[in-house]
1. What tally of residues in the range 169-206 results from selecting those that are crowded, with 16+ Cβ neighbours inside 10 Å and either modelled with pLDDT under 95 or within 16 Å of the ligand (Cβ to nearest atom) (or both)?
2. It is to be established whether one or more residues within the range 152-163 are over 13 Å from residue 84 (Cβ atoms) and either at pLDDT below 95 or surrounded by 20 or more Cβ atoms within 10 Å (Cβ to Cβ) (or both).
3. Residues of the range 207-217 being near the ligand (Cβ under 8 Å from one of its atoms) and surrounded by 14 or more Cβ atoms within 10 Å (Cβ to Cβ), which ones?
4. Suppose we filter the range 115-125 for residues that are assigned to a loop (DSSP other than H, G, I, E, B) and crowded, with 18+ Cβ neighbours inside 10 Å; how many remain?
5. Do we find a residue being on the phi < 0 side of the Ramachandran plot, buried (at least 22 other Cβ atoms within 10 Å of the Cβ) and at pLDDT below 95 anywhere in the range 126-145?
6. Please go through (1) away from the ligand (no atom under 11 Å from the Cβ); (2) within 17 Å of the chain's Cα centre (by Cα) for residue 146 and return the number of the only condition it doesn't satisfy.
7. Failed condition for residue 108, given (1) within 16 Å of the ligand (Cβ to nearest atom); (2) at pLDDT below 95; (3) within 16 Å of the chain's Cα centre (by Cα), with all others met?
Ligand code: FES
């Protein structure tokens, strides 16, 4: 696995931070209109090129938590989305947004408090985070969700994500799961999501990890 680089881009009113190990090059930042990120420019990110609102808006598009921003005026800092959502990406990771508390999340990656992309193919070398290992692998899942869960009045508040050794992701807190089609599919407060890639009831764990030789190490 490539060496982790955490890089700060300092501006007059904002410091944008990029964590190389979380970045899976979705390019929401690079394709955003404006001059905040420009490929080939040094520095690649220039917080002084854009308004604070634009900087925050673009950083929040990063689905992995690789990008984060701290403003000199703390009132401008990112806050959690009003609801916790997990999108089951077609052939790819689980994309989480909300008030996240991910077990073992590095303290110097504050973006993970708001956004994260977690491996569900079982192949990442940076578990629990996606590293794009699903690309070119045999992992195939279109993000359909069969179960509906329970209707919730509120899908916000803290969402804890812990990892069972050689087993699933365990979620605790209000959360809504969005199918790969974009359909709002499941709501609930507790569930276990497959991260070995073997479940026949994805995105949920069905126990298939037991008896397989998959390990979460
Ligand atoms: S973690 Fe995949 S079936 Fe349990």
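The values are calculated or read from the model by the stated rules, or taken from the named source; none is laboratory data. Note that the coordinates shown come from a computational prediction; the quantities given were computed from them, not determined experimentally. Because the Cβ atoms are built from the backbone with ideal geometry, glycine has one as well, and the counts that use them run over all protein chains shown.
1. At the first step, the residues of the range 169-206 found to be crowded, with 16+ Cβ neighbours inside 10 Å are 169-171, 173-180, 185-188, 191-199, 202-205.
Those left that are additionally either modelled with pLDDT under 95 or within 16 Å of the ligand (Cβ to nearest atom) (or both): 169-171, 177, 191-199, 202-205.
The number of residues fulfilling the criteria is 17.
2. The initial filter retains those residues of the range 152-163 that are over 13 Å from residue 84 (Cβ atoms), namely 153, 162-163.
Right, trim to either at pLDDT below 95 or surrounded by 20 or more Cβ atoms within 10 Å (Cβ to Cβ) (or both) and you get 153.
Within the range 152-163 (the criterion being over 13 Å from residue 84 (Cβ atoms) and either at pLDDT below 95 or surrounded by 20 or more Cβ atoms within 10 Å (Cβ to Cβ) (or both)), the answer is yes, since at least one residue qualifies.
3. The answer is 207, 208, 209, 214.
4. So the first thing to find is which residues in the range 115-125 are assigned to a loop (DSSP other than H, G, I, E, B), and the list is 119-125.
The next check asks that each one be crowded, with 18+ Cβ neighbours inside 10 Å; those that pass are 119-124.
So the answer is 6.
5. So far as the range 126-145 goes, no, none of its residues is on the phi < 0 side of the Ramachandran plot, buried (at least 22 other Cβ atoms within 10 Å of the Cβ) and at pLDDT below 95.
6. Unmet for residue 146, out of (1) away from the ligand (no atom under 11 Å from the Cβ); (2) within 17 Å of the chain's Cα centre (by Cα): (2).
7. Result: residue 108 passes all but (1).
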